[in-house]
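Participant: The structure is given below, and queries will be raised subsequently.
The values are calculated or read from the model by the stated rules, or taken from the named source; none is laboratory data. Keep in mind it's a predicted model, so treat the numbers as computed, not measured. So basically every Cβ, Gly included, is an ideal-geometry build from the backbone, and we count neighbours across all protein chains shown. All accessible areas refer to the heavy atoms of the entire protein, side chains included, with ligands and DNA or RNA removed. Shrake-Rupley method; radii C 1.70, N 1.55, O 1.52, S 1.80 Å.
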Amino acid sequence: MSLFSEILQFVFTGLTIGSIYSMVGLGFNIIYNATTIINLAQGEFVMFGGLIMVFLTVVLKFPLFVGFPLTVIVVMAIGAVFERFAIHPLRNASLLTLIIVTIAASILFRGIAMFIWGKDPYSLPPFTPGSPVMIGGAVIMLQTFWVLGTTLAIVVLTTLFFGKTIVGKAMSACSFNPMAASLMGIHVRKMILISFALSAGLGAVAGIVITPMSLMDYDRGPMLAVKGFCAAVLGGLGVGYGVVLGGFIVGLLESLTAGLIHSGFKDAVALVILLFILCFKPSGIFGSEEVSKIKKF
Amino acid sequence: MKKSWIAFLTMVFCVVFISPGWAAYKIGFVASITGPASWLGEPEKNTALMLREWINAASGIRGVPIEIVIEDSKGMEADAVLATKKLIERDNVLVVIGSSTTGESMAMVPICEQVETLMISMAAALSIVTPDDEMKRMEASKKPWLEVPKKQRYWIFKVAPSDASAVEKIYIYCQAKKIKRVAIITVSAGFGVEGRRQLKRLAPKYGIEIVADELYGPKDTDMTAQLTKIKASPAQAVINWSVGPTQVIVTKNWSDLGMRGKIPLIQSHGFGNKSNIKLAGGAAEGVITPLGRVLYAEKVDPKNPQKPVIMKYKTEYEKRFKSDVSTFGGHAYDAIMMVADALKAVGADKKGIRDYLETKIRNWPGTGGIYNMSPTDHTGFGADGFEMMEVVHGEWEFAK
Amino acid sequence: MVMPQPILETSRLRKIFGGLMAVVDLNFKVMPGQIKAIIGPNGAGKTTLFNIITGILPPTGGTIRFKGREISGEKPHRIAQKGISRTFQTVELFGNMTVLENVMVGRHVRTKKGLIQSGLRLPGVKREERLVLEMAQEKLEVVGLMRRANESASGIPLGEQKLLEIARALATDPQLLLLDEPAAGLNETEKLRIGEIIRKIRGSGITVLLVEHHMDLVMNISDEIVVLNYGEKVAEGTPEEVKGDEKVIDAYLGVEIRYA
Amino acid sequence: MGKENRRAVFILMICLGIFPFFIRSDYYLSIMIFIGINAIIVMGLSLLMGYAGQISLGHAAFFGIGAYCSGVLTVKLGFSIFTAFFCGIFLSTIMAMAIAIPTLKLKGHYLAVATLGFGEIIYVIFNELLEITGGPSGLSGIPSIHFFGYSFKGGWRYFYLVWTVAILLLIFSLNIIHSRIGRALRAVHGSEVAAQAMGVNVSQFKIQVFVLSAIYASVAGTLYAHFVTFISPSTFSLFVSILLLMMVVIGGGGSIWGALLGAGILTVLPESLRAFRDFDILVYGIILMTILLFMPEGIFKGLTLSLIWMRKKW
């Protein structure tokens, strides 16, 4: 195996992991854009996505194309319920309290998941059966294409949603100045609800596509949330494409460090670079200083 | 009149204060039931529940029922400390069994030593039962392989095989297969680090060279990068050392990278759970691993004294909990049954139970192996507890 | 006659926001003991000027001298230490603290017990604390807010909040006090009282630089007036001179008079 | 420190002083010791968050630095506990400055991530420096504290040691809050521009308080290491940082007393949920949510408000 194909392999691995971080990061970003809340229960949406998909397709034997959207809808409902019963009643509390609420929610979600599914990990069959493909000496699993393709589709869809649709534009207006937004006739309450549902849905998609590769268990959420959060901040919270690229950067850094330097340091290297970048560009690589100043947090 | 009052009060006093003493033999049981090591704690807890029923259904020990007080240490040392103290102080247990992981067990050791209570750990590290200065002496020793400890902690025993035993079993297998260069890939958490240390220590003794040494985190979701490096190395086999979902991911990645048939994957004894094979789908085919006999009880030679024990445990456990038996639950089985035997012989005597374990557990067939405890060995068995097994059509078969 | 050194002097001071010139090559002087007013229509750059002088915004170009020393570009807390204090157009009180505590914060810059000394409550700390308290009460007397001392600062009426800001600024022992629209939103009696207080402050030897929209108040108490329009100085002089200046009437007073 | 605070500290001291005379159980004393250790860190965090308005997701790292300094220096290098203790404080101070100075210009989420990153790096270091820290399998055989020939082994002695330190730091914190520095910090919270215009050097105080809170955590780390006598990295992970943060918020961000309460409640709660065994995580989550939903400003504020309400009513 040549060095080239090795590096190619690392790059593909990095892109796959990075896709997941991107999707989790995008989930953070949507809620952040609408409310400036960092939803630390984002990882649990991913977990729910994976486990509900297992339940629907493996236990109930639903076909993939039914199970997929159904899972996303169920998790979106969870996100909406969470917003209605935990975030909405506290709309006047401090931001920190709201963030702690999301932590409490993540604990609660894990409790519920453990209650339903127990502690064992679950697996899904790959979406398309078949042996891996070789590209330039690197081995690429078919599921990798699903992950990358899904991420791409999500990025395109969210960009269109926030750039082109009225609801999307209205949503970003909410965080800058909820008062002004409501004076402009934007239904802020509804926007926040939608943002939670959307980001829950995004999490669910991420969970569904990675479960065939890396299994899913009730305790998987927090780590994904932390990585996704780092990715989002690295790329620049508030900037959709920045967050996505941030995810890929963290993923690539991790896999390249693991492959080329020392696998024990892979988490540390990504973080050191993150700290370094934050020192010089406090609002993230693609973030805008002006925007971060306007935000209250 | 007065006398009858005194008699009555004495009776009440006896009932209230003395009765708990003979009402049941209390055994404390600490396991990582929730948290990052819950896959260890879960079968251990199940086993404890099941054994309590068994023993009490057979009218207890010496006619006295046993009570197993189960506590969750959540994978955190501070919780293990509190759980142990609660068991000793509030529940007045005779023996503490636990916990599931090395870290938690290490945090419990000083407490049990201080109150002179027998502790039986279900974790693997030799340092649990070996005093610190003895460990230091062994580590300082220049011999290329692991020194054997000369003393053990007086009150502490363990029932899980030391990692070194599994490593030795693997290396003996490698020697037989003429494998001289291996790659190792380990998780950077307690189990993996200890395994990695033993793998490196013992390699020279068996004439084996480690040509790649890779690591990953306990919550990682992909190890392709590390395995790619190994694939490019001159390794003849790859040894993975981890527990939980990561070992399944390693298996899948190994299979996806097309390493089957070229660089065989040898898993640690942590792979000993049938659900791992199922989770890996077809990817686990050809994986080789040292396993305790409880996992393939049906295939064990009927002449082996372990056979009746493991057959009964396996069938009952699988019937009761509708899930596959694991070696970890077996550790709980061995610990509780040893204590039950000791109670049968000596009754509620803390020191007596300890002495019984150290002197009377000889050729004692358990699920993990045939135990031979002694003042210099509080584990009781070594590499002989394992057989090398291979996954063939989703089943364990003796590796050829 | 030798001219005394000006207490504050700007030369070619300028501030540009993006493409917008907020302050354009501004030269003006404040003499010690003066009450000087800056007037001009909304958006003339008055508050920006204050923010530059107190170091909250860095100037784009030019210099500011305080007592002959350059202070442009210094950090706000350093400038406060040197003896410039201010109030804010939009009241910036510490709403989470009492009226008295607000004034005590003003004393911060003249006290110096550090974290460790305070934490250990060394002997000097208690003495200093007592002095701070006395000083704060004194300043509250000056503006007549002593009876509100233990109320929450956010709970008192706007007029009194304005006075509280002045008391707080006085607590820093300033040599130059910048007042940003002290009379905005006040009724006639309150306005008169503020005028008196400003005179009293000047009487105690503090130079006052004032931004104000109420012309009667400005004309009444100021020694000199600077008129700004679009960041540029249009006129400077005594109230009488400024009143007579045609450019001023054009740019500002005309409008004001027409709508008054 | 006002009159009320002085009285409250006095009452707390008496309650704690007589506690071991009534409760002899080592188990309950251990819970109290853990509360004390957590309270020390949470008080520091409360100063940082409630007063200086900064969020740290990396305080478990300082907790760990204190613990590992004590552990490694006493076990591997034979230092005295005293020296090791101060080495821990020294190292934490240096680390805190190194992280505080460059990250000070960060605010909100970015600061949170920077501290999170720092915490994770320290965590990786604890894991990877096998020869020094023992890696993930931990470091055992840490001696119990004794000075002047007096051993602090045994529940009630250690209880008094931990709570003496905690009370001293409580008084120290209260003094700071009621000094010019506390006022300045609260002023920054009220209006940062006005505070600056009043001569408050905002960044200097932020650094100072960050360092102070790191020292608190380091002190707690030493006390932890010598109590449990075994340490491993998992005790100092991100999730511990988050738990500590939660103690501050549950107790009530803007008050040191709230911090004490938060540390107490979140340490006792999991213990009292032991009966639920597998489902404790579920019950724990529900309780946390309920507290946050009904007392969003923390239990301390919530209790105070309901006390006032009750007094009015009756």
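Participant: Condition check: open to solvent by 30 Å² or more (accessible area, probe 1.4 Å), within 25 Å of B:Lys360 (Cα to Cα) and more than 8 Å from chain D (Cβ to nearest Cβ). Does B:Glu139 satisfy that? Break it down stepwise before answering.
Facilitator: Details: open to solvent by 30 Å² or more (accessible area, probe 1.4 Å): yes; within 25 Å of B:Lys360 (Cα to Cα): no; more than 8 Å from chain D (Cβ to nearest Cβ): yes.
The answer is no for B:Glu139.
Participant: Facing chain D (nearest Cβ under 9 Å) and either at negative phi or touching a residue at least 24 places away in the same chain (Cβ under 8 Å) (or both), is that true of C:Glu101?
Facilitator: Numbers: facing chain D (nearest Cβ under 9 Å): yes; either at negative phi or touching a residue at least 24 places away in the same chain (Cβ under 8 Å) (or both): yes.
Taking the combined requirement at face value, the residue satisfies it.
Participant: Which residue is surrounded by the most Cβ atoms within 10 Å (Cβ to Cβ), if the candidates are limited to the range B:116-136 and must be under 19 Å from D:Ile231 (Cβ atoms) and among the polar types (S, T, N, Q)?
Facilitator: So, considering only residues that are under 19 Å from D:Ile231 (Cβ atoms) and among the polar types (S, T, N, Q), the one surrounded by the most Cβ atoms within 10 Å (Cβ to Cβ) is B:Ser121.
Participant: Exactly one of (1) at pLDDT 90 or above; (2) under 18 Å from A:Ser123 (Cβ atoms) is unmet by B:Ile277. Its number?
Facilitator: Of everything listed in (1) at pLDDT 90 or above; (2) under 18 Å from A:Ser123 (Cβ atoms), B:Ile277 misses just condition (1).
Participant: Would you kindly identify the helices (runs of 4 or more DSSP H) lying entirely within the range C:177-248 that contain at least 1 residues that are among the hydroxyl-bearing types (Ser, Thr, Tyr) and open to solvent by 30 Å² or more (accessible area, probe 1.4 Å)? Reasoning before the result, please.
Facilitator: Values: elements: C:188-203, C:215-221, C:239-244.
Per the criteria, C:188-203.
Participant: Is it true that some residue in the range A:54-70 is modelled with pLDDT under 95 and hydroxyl-bearing (Ser, Thr, Tyr)?
Facilitator: Yes, the range A:54-70 has at least one match.
Participant: Of these, A:Ala34, A:Ala105, which one is open to solvent by less than 10 Å² (accessible area, probe 1.4 Å), within 9 Å of chain D (Cβ to nearest Cβ) and touching a residue at least 40 places away in the same chain (Cβ under 8 Å)? Give the derivation first.
Facilitator: Numbers: A:Ala34 fails: within 9 Å of chain D (Cβ to nearest Cβ).
None of the others qualify; the one that does is A:Ala105.
Participant: Return the only residue of B:Gly270, B:Gly286 being in a loop (DSSP other than H, G, I, E, B), in contact (Cβ under 8 Å) with a residue 60 or more places away in the chain and not hydrophobic (A, V, I, L, M, F, W, C). Outline the logic, then answer.
Facilitator: Details: B:Gly270 fails: in a loop (DSSP other than H, G, I, E, B).
Criteria check complete, one pass: B:Gly286.
Participant: Something else now. I need the full set of residues from the range B:38-89 which are part of a helix (DSSP H, G or I), β-branched (Val, Ile, Thr), within 14 Å of chain D (Cβ to nearest Cβ) and touching a helix residue (DSSP H, G or I) at 6+ places or on another chain (Cβ under 6 Å), in order please. Quick ask: steps written out before the conclusion?
Facilitator: Initially, the range B:38-89 is screened for residues part of a helix (DSSP H, G or I), giving B:38-57, B:77-89.
Among the residues that remain, those that are also β-branched (Val, Ile, Thr) are: B:47, B:55, B:81, B:84, B:88.
Narrowing further to those that are within 14 Å of chain D (Cβ to nearest Cβ): B:81, B:84, B:88.
Correct list: B:Val81, B:Thr84.
Participant: Residues of the range C:92-108 being of a type outside the set (Asp, Glu) and either closer than 16 Å to C:Leu170 by Cβ or open to solvent by less than 20 Å² (accessible area, probe 1.4 Å) (or both), which ones? Even if it seems obvious, please write down each step before you answer.
Facilitator: Here is the first cut: in the range C:92-108, the ones of a type outside the set (Asp, Glu) are C:93-100, C:102-108.
Scanning the range C:92-108 gives C:Leu93, C:Phe94, C:Met97, C:Val99, C:Leu100, C:Asn102, C:Val103, C:Met104, C:Val105, C:Gly106, C:Arg107, C:His108.
Participant: Counting only residues that are buried (at least 24 other Cβ atoms within 10 Å of the Cβ) and within 14 Å of chain A (Cβ to nearest Cβ), give me the helices (runs of 4 or more DSSP H) lying completely in the range D:219-314 with at least 1 of them. Lay out the reasoning, then the answer.
Facilitator: On the way: elements: D:238-251, D:256-272, D:280-294, D:299-313.
Qualifying helices (runs of 4 or more DSSP H): D:238-251, D:256-272, D:280-294.
Participant: Looking at the range D:170-204, which of its residues are in a helix (DSSP H, G or I) and either free of Cβ contacts under 8 Å to residues at least 12 places away in the same chain or basic (Lys, Arg) (or both)?
Facilitator: Initial filter on the range D:170-204 (in a helix (DSSP H, G or I)): D:170-177, D:180-190, D:192-197, D:202-204.
Across the range D:170-204, the qualifying residues are D:Phe172, D:Arg180, D:Arg183, D:Arg186, D:Gly190, D:Glu192, D:Val193, D:Ala194, D:Ala195, D:Gln196, D:Ala197, D:Gln204.
Participant: With the requirement that a residue be at pLDDT below 90, under 19 Å from the mean Cα position of the chain (by Cα) and open to solvent by less than 10 Å² (accessible area, probe 1.4 Å), what does the range A:168-209 give you?
Facilitator: A:Gly168, A:Met171, listed by residue number.
Participant: Same structure, new question: Show me the helices (runs of 4 or more DSSP H) entirely contained within the range C:33-152 in which 2 or more residues are under 25 Å from C:Pro239 (Cα atoms). Working first, answer last.
Facilitator: On the way: elements: C:46-53, C:76-82, C:99-106, C:115-120, C:123-143.
Correct list: C:46-53.
Participant: Which of the residues spanning the range C:78-91 are touching a helix residue (DSSP H, G or I) at 6+ places or on another chain (Cβ under 8 Å), surrounded by fewer than 20 Cβ atoms within 10 Å (Cβ to Cβ) and more than 8 Å from chain D (Cβ to nearest Cβ)? Break it down stepwise before answering.
Facilitator: At the first step, the residues of the range C:78-91 found to be touching a helix residue (DSSP H, G or I) at 6+ places or on another chain (Cβ under 8 Å) are C:79-81, C:84-89, C:91.
Then keep just the ones that are surrounded by fewer than 20 Cβ atoms within 10 Å (Cβ to Cβ); that gives C:81, C:89, C:91.
Matches in the range C:78-91: C:Gln89, C:Val91.
Participant: Just to verify a result, which residue in the range A:261-284, among those that are part of a loop (DSSP other than H, G, I, E, B) and buried (at least 18 other Cβ atoms within 10 Å of the Cβ), is modelled with the highest pLDDT?
Facilitator: Initially, the range A:261-284 is screened for residues part of a loop (DSSP other than H, G, I, E, B), giving A:262, A:281-284.
Pick out the ones that are also buried (at least 18 other Cβ atoms within 10 Å of the Cβ) and you get A:282-284.
Working: A:Pro282: 73, A:Ser283: 75, A:Gly284: 78.
Ranking the qualifying residues of the range A:261-284, first place goes to A:Gly284.
Participant: Out of all the residues in the range D:53-82, which are of a type in the set (Gly, Ala, Ser) and either free of Cβ contacts under 8 Å to residues at least 60 places away in the same chain or surrounded by fewer than 24 Cβ atoms within 10 Å (Cβ to Cβ) (or both)? Break it down stepwise before answering.
Facilitator: Within the range D:53-82, the subset of a type in the set (Gly, Ala, Ser) is D:53, D:56, D:58, D:60-61, D:64, D:66-67, D:70-71, D:78, D:80.
Correct list: D:Gly53, D:Gly78, D:Ser80.
Participant: From the list C:Thr111, C:Thr172, which one is open to solvent by less than 70 Å² (accessible area, probe 1.4 Å), at the interface with chain D (Cβ under 10 Å from one of its Cβ atoms) and in contact (Cβ under 8 Å) with a residue 24 or more places away in the chain?
Facilitator: On the way: C:Thr111 fails: in contact (Cβ under 8 Å) with a residue 24 or more places away in the chain.
Residue meeting the stated conditions: C:Thr172.
Participant: Take the conditions more than 7 Å from every other protein chain (Cβ to nearest Cβ), in contact (Cβ under 8 Å) with a residue 40 or more places away in the chain, surrounded by fewer than 20 Cβ atoms within 10 Å (Cβ to Cβ) and touching a helix residue (DSSP H, G or I) at 6+ places or on another chain (Cβ under 6 Å) and apply them to D:Trp163. Does it pass? It would help to see each step written out before you state the result.
Facilitator: Details: more than 7 Å from every other protein chain (Cβ to nearest Cβ): yes; in contact (Cβ under 8 Å) with a residue 40 or more places away in the chain: yes; surrounded by fewer than 20 Cβ atoms within 10 Å (Cβ to Cβ): no; touching a helix residue (DSSP H, G or I) at 6+ places or on another chain (Cβ under 6 Å): yes.
Spelling it out, it is not the case that D:Trp163 is more than 7 Å from every other protein chain (Cβ to nearest Cβ), in contact (Cβ under 8 Å) with a residue 40 or more places away in the chain, surrounded by fewer than 20 Cβ atoms within 10 Å (Cβ to Cβ) and touching a helix residue (DSSP H, G or I) at 6+ places or on another chain (Cβ under 6 Å).
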